[in-house]
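Novice: Would you mind keeping the following structure in view while I ask a few things?
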Amino acid sequence: MTRARRGLLLIAWIATVAILGWTVNRHLVIGTDLRLFMPSPRTSQERLILDEIGEGPASRMLLLAISGPDPQAAADTSRALAATLRASDEFRLVANGESNLLTIPDSLLAYRYLLSPTLDHSALDAGFLRAQLEERVRDLSSPGAGLLEPWLPRDPTLELLKLADSWLPARQPQLLHDVWFDASGKEALLVAETRAAGFDPQSQRKAADVLQSAFEDSRTDGNLRLESSGPGAFSVLMQERTQGEAQWLGSISVVGMVILLLMAYRSLPVLVLGLLPLISAGVTGLAAVGTIFGTVHGITLAFGFTLIGVAQDYPINLVSHQHRGLDARSNARALWPTLATGVASTCVAYLAFLFSGVRGLAQLSVFTVTGLAVAGLTTRFLLPLLVPESSRDAADSTRLGRLWHAIAGLPRPLWLGVATAIACVVYVALSPRPLWENDLGALTPIPPALLARDSELRQELGAPDVRYLLVIEDVDAESVLRKATNLDPKLQTLVARGVLGGYDQPARYLPSRAVQEQRRAALPDPDRLRTVLNEALDTTPFKPGIFEPFLADVATARQLPALGPTDLAGTPVESRVSSLLLQRENHWTGLVTLTGVNDAAAVARIAGQAPGITLLDLKQASEDLVSRQRERILWCLAVAAMLLVIVVFAALRDALRVRRVLAPMALTTLIVVALLHATGVPLSLFHLIALVLAAGLGLDYALFFEHAADDPAEQRRTLHAVVVCSASTLLVFALLSLSTLPVLRAIGLTVAAGVVSNFVLALLLTRPSARTET
Amino acid sequence: MEVRYSRLLEKPIAVSGRLEHREDGSLVRRVVWPYQEVTILQGENVSVERAGSKPRRFTLDRAPELRGMLASFGAILQGDRRLVDRHFAVSARGSESRWEITLTPRNDKLKRQLSRIVVVGTDNRPKCFTLEEPDGDGSLLALGVAGLGDLPVSLDRDVLHAWCTDGDGQ
């Protein structure tokens, strides 16, 4: 191939990758909702859990604290901040203790008689009205009478005030300067519910930005500080930390890789060419995921690039076998059976994740399989056309020669391999420690100081528990509200017994139609009301005739149709009801949020007494989901392992050779699992993926050693290739294992240990000299 | 004694009780007749608690008449001129032995709820605090009066005002 045509091909290749990359970049939507990495629901119970994990009001709630030297400034800022957030698209409910009595639209004012529970236990008769009017006289001579006076002609029983009071949280923080403050009176407290799900870090990030800029705009004092806590705030924080650390470690590894490759080949063109298959793999992988799924998850992206890093080994193998007099094309042709076996078997392993039932993993699978296939094919068909004539031959290295000689002299302890395998299996089987990690949160643990602060704020604000939630399901909103109404007295008993700190349920804001109609029926007709009112007024100092607006409102209320879930627009409880009463595909769901759950079993018992009411333990439920998901993935992996054996067997067609190639990787998997277990690391999904990655690497090393035949020069070239491959991989993952975050450490440690073990075992069990001795 | 006038009422209502200053700086208004009620004013925060009902809490921002009352107490009883000047313009007339001080709100928000406060006293002793609201409502606080028997039979505003300025009603 001439220099000019070579240049043209290089440009065409780079241009194709660049155009594809640009297109992908334009259309790709990156999602961050962690639920994508949870199993697709199969039962209605699972669907419920997945809906609530991200949708439950508790998981969307941010607890905010504004602190500073001047409480008045904190209170003013709290008011301004709440107003800004209420107007923003990111938040749907903001509470800071401000009374919003006057925000009820005039048209709904008469509804107070249908919404307030007063009429359930007392009738609007002369006795009740007299008692109420006497209280009002006292109110008028109390301080603050001016607040009530304008309302009295319309609302002598203060129904509106009772309603507003009943809408306040059952246990609320103290009010200072008209807003919530902590017990010490130094921090203004707020609760803000985001529209975005709590476990969607990207949308939570947006909400956090809106919150911060709203705070900057509304702060009245430069010394004020805003703190936010809750699942959403944590997911933003942990994503930033994970990303930050991964980027930092990633940059170091890239520098290290470049130095390593330059040391190994002493050629800049080789370095650049070596990267082309990897970049092509990444871009086509993304394009494939984008085409099939529409979106790609952030984790798929980050993790996928780690996994296809293996593709770097393909050009390394090609270049290491390059020597004077050998045409790169015939080199590639000679290596292809080995390379193709490696690529195909690794792809088979990753294919297992496609059937895992987890969308995120299916994406990961499509990404890696496509990527690795592209990397393998470009290494075979495009790269050889571009690799320059090499003047260096790895086989000439005297140091490699000596190393190979030393290795050849090593014993071939096949019995040790068998013994190690048995020892690992027995150790793990007999160990009492749990092998698996079911708590997803353990992988990205939140600093204890933040958790302590969160529970402190939760306590102060009486904010709902993030773990427990009662779910009421039925065909329509009315049935859900009726069930909630029937449940209420039982919950009250639990609160009285101290089993429960408090609760919140939709019927508290929106009574069922049945209840509203019952209250409406209890309203006296206008003539009767006028008579009893006059009777009550007889003994009070009120002027006659001032309560006409009251009579008119009651007369209106008698004609009102009961309010439904959609009629609350513009009221202070609109957002509360819309987060507690949800319309699903073909049914309605009512949520009862719980505070201070001291005895979950007791709550579960009262839930069990009525059909369609479930106590969700989100922690337990998600752990169950994780373990069920793992079971399925393990089955998929078992099938993949069998397919892998078939692929290798089809390529090598010799039981002994197959055994030699597969032994290092199988043994390595057992050793790494035992090692992780011994060091007290429970296995998670990420360990499983990392184990598959390590196994794929091991298979490649073994295949190439096996391929090296008896030619000493080839053996040295293979050793060179495998040393460079494993050194570069080890560098990347050893760095990752230094991370402070368990999720990154899990991947780093597993793969690093796998690389070392695979390399050593491939030398001990697969090297060709061993074969000649058999 | 405190007498309250409201346009909703046919006749004024009278209550009696005590005002106490606590060591923590709070002011307590305790009604003992004809019912029991305790109001605690601490800084900007007010809580009103009456036997048989839930305490009500609000701040002075929402009860301007209370802020006016408090400021005038501060000025007259404790000589805290700064607090008064922040919210009110002050004018005085009369003599050392028989004086009358009028406080008029400075800002519009306060003006909407409160027209003026008139304090009448003799020598160094204030006798009546009269609070007038723009809608015609108002109240009158007579210090050192134990029961209704010590006030004129009619609780009419003019009658009481005359009684306050009269000087021999103690």
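Novice: Which value, in Å² and to the nearest 10, is the accessible area of A:Met665 when all protein chains are kept and the probe is 1.4 Å?
Specialist: Approximately 30 Å² for this residue.
Novice: Give me the net charge of A:Glu517's neighbourhood, meaning all other residues with Cβ under 13 Å from the Cβ of A:Glu517; Lys, Arg count +1, Asp, Glu -1. Each step should come with its number before you reach the end.
Specialist: Numbers: positive: A:Arg482, A:Arg513, A:Arg519, A:Arg520, A:Arg558; negative: A:Asp120, A:Glu478.
Here the count lands on +3.
Novice: Roll a 1.4 angstrom probe over the protein heavy atoms and tell me the percent of accessible area of chain A that is carbon or sulfur. Show your work: numbers first, answer last.
Specialist: Details: 19960 of 32350 Å².
Of the solvent-accessible surface of chain A, carbon and sulfur hold 62 percent.
Novice: How charged is the neighbourhood of A:Asp209? Take every other residue with its Cβ under 13 Å from the Cβ of A:Asp209, and add Lys/Arg as +1 and Asp/Glu as -1. Provide the component values of the computation, followed by the final result.
Specialist: On the way: positive: A:Arg205, A:Lys206; negative: A:Asp89, A:Glu90, A:Glu216, A:Asp217, A:Glu240.
Neighbourhood net charge equals -3.
Novice: Taking the solvent-accessible surface of protein heavy atoms with a 1.4 Å probe, what is the per residue accessible area of the protein assembly as shown in Å²? Before the final figure, lay out the partial values.
Specialist: Numbers: 41150 Å² over 944 residues.
Normalised by residue count, the accessible surface of the protein assembly as shown is 44 Å².
Novice: In addition: Among A:329-335, A:499-505, how do they line up by average Cβ neighbours within 10 Å per residue, starting with the highest?
Specialist: A:499-505, A:329-335
Novice: Further question: Check which residues have an amide H placed less than 5 Å from B:Trp33's amide H, if you skip close sequence neighbours.
Specialist: Those lying under 5 Å, H to H, from B:Trp33 are B:Ser16.
Novice: How tilted is helix A:231-265 with respect to the longest principal axis of chain A? Cα atoms for both, answer in degrees (0 to 90, nearest 10).
Specialist: 10
Novice: Ok, one more. Against the longest principal axis of chain A, how steep is helix A:526-537, in degrees 0 to 90 to the nearest 10, with axes from Cα atoms?
Specialist: Tilt of helix A:526-537: around 70 degrees.
Novice: Here is a follow-up. Within straight cross-link reach of B:Lys54, meaning Cα distance under 28 Å, which lysines are found once same-chain residues fewer than 8 apart are removed?
Specialist: The reachable lysines, counting only those whose Cα sits under 28 Å from B:Lys54, are A:Lys162, A:Lys186, A:Lys490, A:Lys543, B:Lys11.
Novice: A further question follows. Give me the net charge of A:Asn331's neighbourhood, meaning all other residues with Cβ under 13 Å from the Cβ of A:Asn331; Lys, Arg count +1, Asp, Glu -1.
Specialist: Numbers: positive: A:Arg324, A:Arg329, A:Arg333, A:Arg380, A:Arg717; negative: A:Asp327, A:Glu389, A:Asp393, A:Glu714.
Around A:Asn331, the charge tally is +1.
Novice: Something else about it: Looking at the protein assembly as shown, what % of its DSSP beta bridges pair antiparallel, to the nearest 5?
Specialist: Working: 93 of 97 bridges.
Antiparallel bridges make up about 95 percent of those DSSP assigns within the protein assembly as shown.
Novice: For chain A, take the longest principal axis of its alpha carbons; what is the angle in degrees between that and the long axis of helix A:742-761, to the nearest 10 within 0 to 90?
Specialist: For A:742-761 against chain A, the angle is about 20 degrees.
Novice: Hey, another quick one. Using each residue's phi in segment A:356-368, evaluate 6.51 cos²θ - 1.76 cosθ + 1.60 at θ = phi - 60° and report the 3J(HN,Hα) Karplus result to the nearest Hz, with x for Gly and Pro.
Specialist: Listing the rounded values in order: 6, x, 10, 4, x, 6, 4, 4, 4, 5, 4, 4, 6 Hz.
Novice: Turning to a different aspect of this structure: Using helices alone, I'd like the mean residue ellipticity at 222 nm for the protein assembly as shown: each DSSP H run of four-plus residues gives -39500 (n - 2.57), total over residue count, nearest 500.
Specialist: Details: 36 runs with 524 residues, N = 944.
Rounded to the nearest 500, the figure is -18000 deg cm²/dmol.
The values are calculated or read from the model by the stated rules, or taken from the named source; none is laboratory data. Values in this document were obtained by computation on a predicted structure and should not be read as measured data. A quick note on method: Cβ atoms are made from the backbone with ideal geometry, for glycine too, and the neighbour counts reach across all protein chains shown. What goes into the accessible areas is simple: the full protein's heavy atoms, side chains included, and nothing from ligands, DNA or RNA. Shrake-Rupley method; radii C 1.70, N 1.55, O 1.52, S 1.80 Å.
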